[in-house]
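Structure, as structure tokens:
The values are calculated or read from the model by the stated rules, or taken from the named source; none is laboratory data. The shown structure was predicted, so the numbers you read here are calculated from the model rather than taken from an experiment. For neighbour counting, all protein chains shown are included, and Cβ atoms are generated from backbone atoms with ideal geometry for every residue, glycine included. We work out accessible area using only protein heavy atoms, side chains counted, and drop any ligands, DNA or RNA first. Shrake-Rupley method; radii C 1.70, N 1.55, O 1.52, S 1.80 Å.
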Amino acid sequence: MTNLNAVDPAAVAQDAHLESADVVIGKTTIIFRRFLRNKTAVAGLAIFLALTVFSFIGGFFTQWDKETIDPFNIGMPPSADHYLGTSQAGIDLYAMTVEGTRISILIGLVVGLVSVLVAAVYGCTMAYFGGKVDKVMLFILEALIMMPALLVVAVATSGGAAGLKRDLPSWLLLIIVLLVFSWMGTARLIRSMSMSLMQRDFVKAAQYMGVPPRRIVWRHLVPNIGSLLILDITRGVTAAILAEVAFSFIGIGIKVPDVSLGVLIGGATSQVQTFPWMFWVPLTVMFLLTGSLAMMNDGLRDAFDPSSRLHRQSQEGQSPENHRGKEDGMSSEITTGATEPARRDVERLHVAGLHAPGDAVLSVRDLQVRFNSENGTVHAVRGVDFDLMPGKTLGIVGESGSGKSVTSLAIMGLLPPAAQVSGSVRLKGRELLGLSDKAMCEYRGNELAMVFQDPLSSLTPVFTVGTQIIEALTIHNPAMSRTAKEARAVELLAMVGIPSPKDRLKAFPHEFSGGMRQRVMIAIAIANNPRVLIADEPTTALDVTIQAQVLEVLHTAQEETGAAVVMITHDLGVVAGMADDIMVMYAGKPVESGAVDDIYYNPRMPYTMGLLGAVPRVDVAEKSSLVPIEGMPPNLLHTPTGCSFAPRCPLASDACLDGEPALVAVAGTALHSTAVDNGALHRAACIKSDSLGGAVDVHDVFAAPPVPVSRFDAIPRAERSTVLQLKDVRKHFPLTKGALIKRTIGTVKAVDGLSFDIREGECFSIVGESGSGKTTTLLEIMEFHPDQDGEVVIGGLSNKQAADAKTKGRMRRELQMVFQDPTGALDPRFTVYEVLAEPLQNAGMDRPAIRKRIMELMKLVGLQPDHVNRFPNQFSGGQRQRIGIARALAVNPKLVVLDEPVSALDVSVQAGVINLLDHLRAELGLSYLLVAHDLSVVRHISNRVAVMYLGKIVEIGAVDRVFYNPRHPYTRALLSAIPVPDPQLERTRERIILQGDLPSPLQAPKGCNFATRCPVFAALPTAKQERCLSLEPPLEPAASATDQQFACFFPDGELDEDMLVVHEPADNHAP
Amino acid sequence: MLKYLAKRGITYVVMIFLTTTAGYFLAVSSLKPALLEQERIPRPTPEQVANSMRLKGLDPALSPWERYVDWLTGIVTRWDWGRSPNGAYINAEFGDRVWISTRLFLASIILTLVIGVALGVYSAARQYKFQDRVITSYSYLAYIVPAPIAYFLVQLGAININEAVGDRIFFVTGISTPGIAPGWAQFVDMLAHYAVPTVAITLVGWGAYQIAQRQYLLDNVNADFVRTARAKGLTRNQAIARHALRVSFIPVAQSIAFTIPAIFAGGFFAEKIFAWPGVGSWSIDAISLQDVNAATATLAYGSVIFALGAILADFATTLVDPRVRVQ
């Protein structure tokens, strides 16, 4: 489906069919259906409509009206003549209720509708203009909120003292006053929603396409806040009816002779004992009215809000390929539907005869995890077995949804109660599964500890770091003294490499960087010397240099505590140097396991082979296409009947579909492997594993496309024309401090004098840590304007000329962007057709031409053309990114700006997108400006590279030159920080571990920015250091006739030994 | 911090000035005390009315602008908020009224906050269970009943109890029985007067806090840091109690801080229904009595209370959330 090189002939045939197939199920229809499914909401709507109809036609069913006095029936209870009785004065209550209901509903509807309309206009205006207009309008808004509305209601409707108001009925006055005071809250909400929408990628995408602001507001903003508006109308109607009743009740709203529900209820209070019907009837009607609106509001929220609980669950099942971190969320999402877990594990395991080796510290047998979801039971983990020996490291590798994180949470007993877990987990021989939460607490944090993926959210924001470490100590050592605990906490912080640990105990998590917080997490985990430490993607959220530091800390922690480690990751590089054994998981099951060398050098399962082939290598210069694994992982709602990988496997045959293959020992390796002693037998779940050993090339197995060749490759760079040029571009922000008091304490030089150019047909990459200014650079290019500091030349036109819309439009057409998050970059309310049509319409194309072009684009990026009527959420992440690429290519730009285009994708999908980008560059003669944190991807795809540090380029040149012979110490450190999926190389290579984080811009020294962390600087004699500190090194060419420049005075200097680390195989956790 | 407070303070002073000014013009152009005077018996001559009004600084012959300038000068130079048509001084009346409002609302607002937050936590811990459904449904019910009607229903209930018992246990209106002997009898009398309004205001008020606290806590129950706390060896409930609760309290604390000054501001509906002559009912009476100065003064007071609440809310945030704390 996604294979670029083999366009499905069936898909092409769809073209003609598509011309007529323009039927899109309307969004309104979907919402309407969802609303109808909610019985409460429908009931609410029915009651509301019935009351409305009643209030208009009810009067025809009685001969009485609200003014006629029936002198023979004064204060009569309900009867055949007066359905609801009469008042003290003999007026028919039924007639009054009909009239009163009508006035109340009228007030509610008018106030609700008009106030939301006013709010929408006001809120959007504020968000759209921003700046001073926003400030003034906000001030007016707050002043209005401040004014007690009631007083004004009273003044306006009081006694009719002011002559002019006598002519207006009191209900009209009340409407006017309620209107004045009812729209502010909604306006504020709309303002903040529109403002956050303006920041969304799909709005930015439209802006970068050159879509005029008016159209952006109309096509993107309004539909996306539309649901909020409708919700607010029902809320506003309710509030207005309540206000009317409340005001009229105490006598300051609607005045007699006008009738409303409030007037009726209020007028009857004194007679509630004598004529109870006069009070209770209008009160009941009011309850029905407000109650029905509340019920409707509930149903509407569910129908509109895609993030409402019910809806979210149903989406969870549809897109198995979520953002990397999302898999972990799966467990916590599903909280409903309690089911009694099967508690017969022990018996079953005895029958199965599975016994753990006696010396294993952690033994897992036949671990199964099921979740109940809206769509059925998700079988997330389907039989995991492993033994972990003391002090050893097991790497569990797999993509999103493979069940690796669920496995770890099941071991820890941290899955939600609704999860059904079965099998056996033994810690030093003691069974953990089936223990109560309380009983598990004895092990958790004590013998069994865990480090989680996202350090930013894993620490409690309101407690100090010290408190949180000490808590871990207190739980398991109640007798320990306060001073002893504090001393231990300091010791732990020192162990994980936090400078001045004693002072830092009192710091709050938000005062720490991500890397530092992950160190604290590790400190907490090892506080009680655990026997088993589970690390779930501990470095995924971190920069590569920080990742290296944290991996180092984990290594130290393991050495200090002697704990066995389970390392869960999607990154084959991260575990290569650390793990003793590897288990590869796919679709909830281990598909291959064994000693690390067996897995990396002799994979026997096509999936493992594919994964290894899909990763670009930073250490390999020779260009070969990546191995794409087509398709998506299976939906775990259905138990696979054959091999779960078969649908994506190029080697699959009919035999593969006949039963799921078991994980069995690989022939040939079992006897001589050194791993046998440790139980890490090489096993694979593939019926063809025996034929896959040795010399089988993964590129042949997976039919990797040939390396594409661009027509520009043969032309020397100097002879190609320039598509983008930056000359001394700067972007400085004022740095403010404090959340409440904002004061400027310095300047952030996010981009500080950047110059480079991109020629036709080349891919230019910018790399660096987060905070180095990569993204700001992209924004400066995309948002070019004449007032910029520095010059941006796009296709020969300078930003200084871009004063008029026409020039801007011409420049915009040369340059398009692909965003990092494929989901955020597509308006969820657009079909693919609408997404792709937007830039074309903007370019003024007519309908037939647009349709034709969209079909071309779909084929170009390897999507089925008949999918154009689908919504983005019906596609996988990789497919969404292809849609994003197609949109960027729609207007035939010369240059495509790629902002981390593959970082949100799984490894196997990433390879397909990288291959596509490579292919498009060659076929269409495109140039790319790529920003990526993954240097392997950069090396794979780019021709030239620039390394940025604190807003400056420290090294720039041809990618092979820079990567092969990095001159700047920072480039060297950055490159050395990248783990390589090659265990032997990882174990022996020398690594530079930079100390600390990217310094705050305030601490930037006068001379070289990098001096504070520089391994060369640290080893220099003081005399030479002086030069680095006082002078800023200029960017100078490395040697004659090579494309490489760097900014360092001492590129050949010795490296400081403290910052160098080598993990000899010998010192690597000897048994 | 001081600089920030000063800045916020100035913004609010400007805002209060503007709302009060707007309120004054609205009042002065629509309230005509002279008309009311003329309905007195024996009917005074227009000259007499004009004269008496002029003496109280309420000269109807002056233009609104001239009256505004006079009124403002009085406040700025002498802190004199003017007089009512019946001759009473606003400044003098004010103190008593604020004290009455405070007495009416002090207990009920504290009860509202405590009960609302406690039930919010309780219902969040039992999400979707029977108790949660009952408590949360009640809160939504409270939302669709207009406050004065709810007060009235409570009043009605108290009357029914009185009738059922055959004795007057609760007073449904008023502050105290005049001329009651001090000591135990006075205490009982006070309880009998306080019970109904306090219960009524509390019953109506806690729903909003219950729903907010429940929602914020549920938002945090599955937070990563709760999982970390459990991984340390806390049970789920301990982890929620020690970690999630504290974090979920941040936004609640903000709204509590905002509510606190309302104790002194009273409420229109409650004071009207229970016949306590506090600031709230004064503001309504001021209008029926065509009292420009009293109406404007209560409006200004309401704005000040609002501003205080907003500033207190900021304070509360810095207090409970270290992330916005300023060194």
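Computed from label points 7 Å out along Cα-Cβ, the spacing between residue B:241 and residue B:69 is 6.8 nm. Toward the positive end of the charge dipole of the protein assembly as shown, with +1 on the Cβ of Lys and Arg and -1 on the Cβ of Asp and Glu, the farthest Cα among A:145, B:208, A:169 is that of A:169. Taking amide H as placed 1.01 Å from N in the peptide plane, residue A:642 has its amide H under 5 Å from the amide H of A:659, each at least 5 places away in sequence or on another chain.
Considering only alpha-carbon pairs that sit under 8 angstrom and 6 or more positions apart, the relative contact order computed for segment A:758-847 is 13 percent.
Rounded to the nearest 10 degrees, the inclination of helix B:147-165 to the longest alpha-carbon principal axis of chain B is 80 degrees. The mean sequence distance of close C-alpha pairs (under 8 Å, at least 6 residues apart), as a share of the length of segment B:53-100, puts its relative contact order at 29 percent. Here's the list of lysines a cross-link from residue B:7 could span, going by alpha-carbon distance under 24 Å and ignoring same-chain residues fewer than 8 apart: A:132, A:135, A:737, A:742.
Cross-link partners for residue A:688 among the lysines, with Cα-Cα distance under 19 Å and sequence neighbours closer than 8 places in the same chain left out: A:589. Could you tell me the calculated FRET efficiency between residue B:47 and residue B:288, based on Cβ-Cβ distance and R0 = 25 angstrom, to the nearest 0.05? Efficiency, rounded to the nearest 0.05: 0.45.
A cut-off of 5 Å between modelled amide H atoms, ignoring neighbours fewer than 5 places along the same chain, links residue A:949 with A:954. Structure note, pairs A:404/A:485; A:428/A:485; A:749/A:1006: Cα-Cα distances above 24 angstrom occur for A:404/A:485; A:428/A:485. Residues of segment B:6-33 whose accessible area, computed with a 1.4 Å probe over protein heavy atoms, drops by at least 20 Å² once all protein chains are present relative to their chain alone are B:15, B:18, B:19, B:26, B:30. A Förster distance of 56 Å, applied to the separation of the beta-carbon atoms of residue A:964 and residue B:25, puts the FRET efficiency at 0.10. Of the listed pairs A:204/B:3; A:66/B:272; A:392/A:438; A:852/A:894, which have alpha-carbon separations greater than 32 Å here? Result: A:204/B:3 exceed 32 Å.
Estimated at 0.36 nm per residue, the fully extended path between residue A:601 and residue A:189 surpasses their Cα-Cα distance by 142.6 nm.
Estimate for me the total accessible surface buried between chains A and B (protein heavy atoms, probe 1.4 Å, no ligands or nucleic acids), in Å² to the nearest 100. Result for this pair: about 6300 Å² buried. Taking the Cα centre of the protein assembly as shown as origin and assigning +1 to Lys and Arg Cβ atoms and -1 to Asp and Glu Cβ atoms, the resulting dipole is close to 2740 debye. List, by residue number, every residue in segment B:281-319 with a reduction of 50 Å² or greater in accessible area between the chain on its own and the complete protein assembly, 1.4 Å probe. With the partner chains in place, segment B:281-319 has these residues losing at least 50 Å²: B:284, B:287, B:299, B:306. Phi angles across segment A:196-206 convert, under the Karplus curve 6.51 cos²θ - 1.76 cosθ + 1.60 with θ = phi - 60°, into 3J(HN,Hα) values of 6, 5, 4, 7, 5, 4, 5, 6, 4, 4, 5 Hz, Gly and Pro given as x.
Accessible surface for segment A:755-873, divided over its residues, is 36 Å² per residue with a 1.4 Å probe. In this structure, the residue pairs whose Cα-Cα separation is over 19 Å, taken from A:774/A:808; A:774/A:806; A:774/A:952; A:774/A:800, are A:774/A:808; A:774/A:806; A:774/A:800.
Against chain A, whose longest principal axis comes from its Cα atoms, helix A:39-57 is set at around 30 degrees.
With all protein chains in place and a 1.4 Å probe, the accessible surface of the protein assembly as shown carries 60 percent carbon and sulfur. Under the criterion of Cα pairs below 8 Å and six or more residues apart, the relative contact order for chain A equals 11 percent.
Between residue B:159 and residue A:747, the modelled labels are 7.5 nm apart [label points 7 Å from Cα along Cα→Cβ]. Does anything in segment A:457-475 have its amide N under 19 Å from the 7 Å Cα→Cβ label point of residue A:503, and if so which residues? Those under the cut-off are A:464-467. When the label point is put 7 Å from the Cα of residue A:791 along its Cα-to-beta-carbon vector, which residues of segment A:707-724 have a backbone N closer than 15 Å? Under 15 Å, as judged by backbone N against the label point of residue A:791, lie A:722-724 of segment A:707-724. The dipole here belongs to chain B: it is taken about the Cα centre, uses +1 on the Cβ of Lys and Arg and -1 on the Cβ of Asp and Glu, and is about 1520 debye. Output the 0 to 90 degree angle, nearest 10, between the alpha-carbon long axis of helix B:90-125 and the longest principal axis computed from the alpha carbons of chain B. For B:90-125 against chain B, the angle is about 20 degrees. Applying the Kirkwood pairwise sum to the alpha-carbon positions of chain B produces a hydrodynamic radius of 23.0 angstrom.
The residues of segment B:108-135 occluded by other protein chains by 50 Å² or more of accessible area, set against the chain on its own, are B:128; surface from heavy atoms, 1.4 Å probe.
Magnitude of the charge dipole for segment A:488-645, about its Cα centre and with charges confined to Cβ atoms of Lys, Arg (+1) and Asp, Glu (-1), is about 440 debye. Note on segment A:47-135: Rg/Rh from C-alpha atoms, Kirkwood Rh, equals 1.35.
With a Förster radius of 41 Å applied to the C-beta separation of residue B:91 and residue A:735, the computed FRET efficiency comes to 0.25. Measuring with a 1.4 angstrom probe and ignoring ligands and nucleic acids, residue A:699 comes out at about 60 Å² accessible. Inter-chain Cβ neighbour count for A:247-253, averaged per residue, equals 5 (cutoff 10 Å, partner chain atoms only).
Note on the protein assembly as shown: Cα-Cα pairs beyond 42 Å make up 57% of the total pair count.
Spacing of the modelled spin labels on residue A:869 and residue B:169, each 7 Å from Cα toward Cβ, amounts to 6.9 nm. Bridge orientation summary for the protein assembly as shown: considering DSSP beta bridges with both residues in this region, about 65 percent are antiparallel. Based on DSSP H segments of at least four residues, each scored -39500 (n - 2.57), the protein assembly as shown has a per-residue ellipticity at 222 nm of -15500 deg cm²/dmol. Residues B:66, B:271, B:93, sorted by accessible area with the largest first, give B:66, B:93, B:271 [1.4 Å probe; ligands and nucleic acids excluded]. Given the whole protein assembly as supplied and a 1.4 Å probe, what does the accessible area of residue A:441 come to in Å², nearest 10? Number for this one is 10 Å². Among A:664, A:490, A:410, pick out the residue whose Cα is farthest towards the positive end of the charge dipole of the protein assembly as shown, where Lys and Arg carry +1 and Asp and Glu carry -1 on C-beta, about the Cα centre. It is A:490. Dipole of the protein assembly as shown (Lys/Arg Cβ +1, Asp/Glu Cβ -1, origin at the Cα centre): which of A:796, A:914, B:65 lies farthest to the positive side? The Cα lying farthest towards the positive end belongs to B:65. Take each residue in B:148-159, count the other chain C-beta atoms within 10 Å of its C-beta, and the mean is 4. What's the extension gain from residue A:1029 to residue A:655 if we count 0.36 nm per residue and subtract their Cα-Cα distance? Gain in length upon complete extension: 127.8 nm.
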